[in-house]
Each structure stands twice: as structure tokens, then as C-alpha cells.
Amino acid sequence: MKVKDIMRKVEGFAPLGLAMSWDNVGLLLGDAQREVNKAVTCLDVDENAVNKAIEIGAELIVSHHPLIFRAINKITDPLLLKLIEHKIAVISLHTNLDVAPKSVNHVLAETLGLTVIEHLSQETGESWHRFSLTVPVDHLEPVREAIFAAGAGLIGLYDSCSQSHQVRGTFRALEGSDPFIKSEGLASVEECELEFMVDGSRLGATIEAIKNAHPYETPAFYHYPVSNQNPAYGLGLVCKNDAGLSLSGLQNLCREKLHNPAPRLYLLGKDADYIPERIAVCGGSGGSLIPVAGRKAELYISGDFSYHQILEAGLPLIDAGHFFTEYPVVAYLSQKLQEMGLEAVALELEKHKGYIM
Ligand SMILES: [Zn+2]
Ligand SMILES: [Zn+2]
């Protein structure tokens, strides 16, 4: 399978358009035309990840943290040179995977055995649009099918969402035009107005699909951005404490399931045997979501909390580590690549530099 075909499949489970504007995701190094048989997945593309890829003869590394984050103006970094020398491509799925329908946080919740209730925050890098289009009544269905196939009409856990109603349209064909409905002077036609929601990253494909499926020479449509967000995406999760574990029990759970030898529990006024009903989780650096977690849950599990964030937190916290809360996604990435028919190996936990730190 070619790198570009893998990227197409990636769009299916972690659309690049979901990434925050400051992020750098997708194919960051390598030839999109190159054939891939084997891949290594990892959290960070460090020497161990690159060596592992060379050792097993992998043509691709898929990481969560971007290989290249800030702009570079020269390529002298030994790691980049080694990747280039061995023709190893690198795909990084960062904030797009943090907010995807199955995200880093879903994998974290699954690893901890917690049932998901809702997103912690609707924040994503995606813009959402309302789209309106007119189409002759008897052409409604093929056009509708084409826009759904282009990825429009996804709302939360529902796809193929649209609304339509009959309208009376008018037009007058000007010189040089080739109208689908021939008429002298002002034409009056039975049309449907078809409306639906579409992600910003699918707008281009949707318009393309309309142009291909619509009978008119010049289809009439408009779209505008909306301020609400697609509930399919979001950052962090609120989960149920099904097992009824106490704060110290949950600290132990993080130690055991995330393999962090020392997750840090901040009681912040609660007893260690306090049993939270709802638990917020966010893999990686989740400190900025502490205020939201305080409104939606009684405990927040994440990583990278700062001293002042902890002081001001209105709920108990478990800092289970940036690395440890995100590492479970490495196995998930391997699984996604295996589903594509590739041989994929996850870089071992203890091989990551983030583990030894
Ligand atoms: Zn992340
Ligand atoms: Zn991270």
C-alpha cells in the first residue's frame, strides 16, 4: 500500500482538518508514492523509534507527537537525516487524533475501564458549516447520495443527516448558457432546497461532488460557518466511575493500567477514600481543561499540571503523566494500520525516551 493510500484511510479515522491551527499533522516526511509493507507506531519519533524501523525494515513511522513542529530552515538534524537516508516516511497524528470520534482520550478511558458519558470540551480545529443547495425534485436523491459520500451530513454519531423541502425556483438563461431545463424567457421550476451540515475540511469535496452529480450547468448553493461545533468531535471525556473506586483506588488503577510507577494524586480537600461519580480524562497536557473538568466531574485524570493550575483547581486531580496517559494510543495506531493490511509494530513502552524521563 502506498503512503498516499494510507493517508486517505487516516482521513477516515483522524481527519487532518480536525487539528488545531497551530499544529503540524499528516505526512511530515517522505514520498507519498512510496510502497509501505511495515510500519512502527510510537508516541515520539526518537532515536529508538527510528532504530526500530530500520531494524525491522519498516518504510513508515506513525507517531502521535509531530516529528517537525516548528518551522525549520535547514536539515542537519541527525534524526531527520537518518530517516531520509533510510527512506522512512513519517506520519504524525496529533491534535486531530486528540479530538477524533475515537480519540487518544477514548483509548485512555478504555484502558482504564471507564465508560464514556460525553466530551469534556467541544473545542477542535474544525469549522462547521451550514450548506444549502437547490436541485430539481427528480434529481434530489442522487445529489443527496453524492454529498453524503463526500463526508457531509455527519452530526455526532449520525451520518446522512439532511433536510429538504419543495420550493419554486426561477431563472432566465443568458446568452451562451446551456440550461438543463430549456425555456423561453423567465423559467419557473419545481425544485427542492437541500440543507445539511458539513465540516470545513469536507467543503471542497462536497462542492466537487455537487458539481459532478447535479444536472445544472451552474448549481446554486451557499454555505456559511456556524458557531456551534460538530458533537462528533471534542477534547477530553467525562466518564462514569462504574467500579465505584475511591481516589486512591483510581490512583492505583492508573499505576497498574498505564504502567506509570508513580501517578500523583492531589486530594485538594477530599479524603483518599472519597468516591467520585464522574471522572474527567484527557491524555497528554490537560491542565487548561481543569476549570471545565471542575464543572462536569468530581475527579480529573490528565498530565502536565502546573503548580498554579493545581492551586486553583476546584476538584481532586491525578497527574498520571503526559507520556503514560497517551501511550495507549500507540497500540491503537498499530491496530488501525493492521486493519489496512500492513505489518505494524508498536514501539515498546520502555523503549520511549518519555518513559525513562
Ligand atoms: Zn495528544
Ligand atoms: Zn502529547
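The values are calculated or read from the model by the stated rules, or taken from the named source; none is laboratory data. Values in this document were obtained by computation on a predicted structure and should not be read as measured data. Positions of Cβ are backbone-derived with ideal geometry, glycine not excepted, and every protein chain shown enters the neighbour counts. In case anyone asks, the SASA skips ligands and DNA or RNA and just uses the protein heavy atoms, side chains included. Shrake-Rupley method; radii C 1.70, N 1.55, O 1.52, S 1.80 Å.
Details
- Amide H partners (placed H, <5 Å) of V40, local residues excluded: L60, I61, V62, V345
- I117 sits with roughly 80 Å² accessible to a 1.4 Å probe, with DNA, RNA and ligands left out of the calculation.
- The stretch 122-167 and the stretch 253-329: distance between their alpha carbon centers, rounded to Å: 39
- Ranked order, Y355, Y224, Y233 - accessible area, probe 1.4 Å, largest first: Y224, Y355, Y233
- Share of Cα-Cα pairs in the stretch 186-300 lying beyond 21 Å, as whole percent: 58
- Stokes-Einstein D for the stretch 239-290, Kirkwood Rh over Cα pairs, 25 °C, 0.890 mPa s (µm²/s): 206
- In nm, spacing of pseudo-spin labels at I56 and E141 (7 Å Cα→C-beta vector): 4.8
- Cα-based convex hull volume of the stretch 1-157 per residue, rounded to whole Å³: 167
- All-pairs Cα distance distribution in the stretch 128-226, expressed in whole percent, bin size 5 Å: 2, 13, 24, 24, 16, 11, 6, 2, 1, 0
- Residue-count net charge about W128 - beta-carbon cut-off 13 Å; Lys, Arg +1, Asp, Glu -1: -1
- In the stretch 183-253 the Cα-Cα distances spread across 10 Å bins starting at 0 as 12, 28, 19, 14, 12, 9, 4, 2, 0 percent of all pairs.
- Rolled with a 1.4 Å probe across the full set of protein chains, the surface gives T41 an accessible area near 0 Å².
- Rounded to the nearest 10 square angstrom, H129 shows an accessible area of 20 square angstrom against a 1.4 Å probe.
- Calculated FRET efficiency, E350 to Y158, Cβ-Cβ distance, R0 = 35 Å: about 0.25 to the nearest 0.05.
- Spin-label model distance (nm) - D77 vs A262, 7 Å beyond Cα toward Cβ: 2.9
- Summarised as an ellipsoid, the chain has semi-axes of 44, 28, 16 Å, derived from the eigenvalues of the Cα gyration tensor scaled by 5 and square-rooted, with the largest first.
- Environment charge of I54, counting only residues whose C-beta is closer than 14 Å and scoring Lys/Arg +1, Asp/Glu -1: 0
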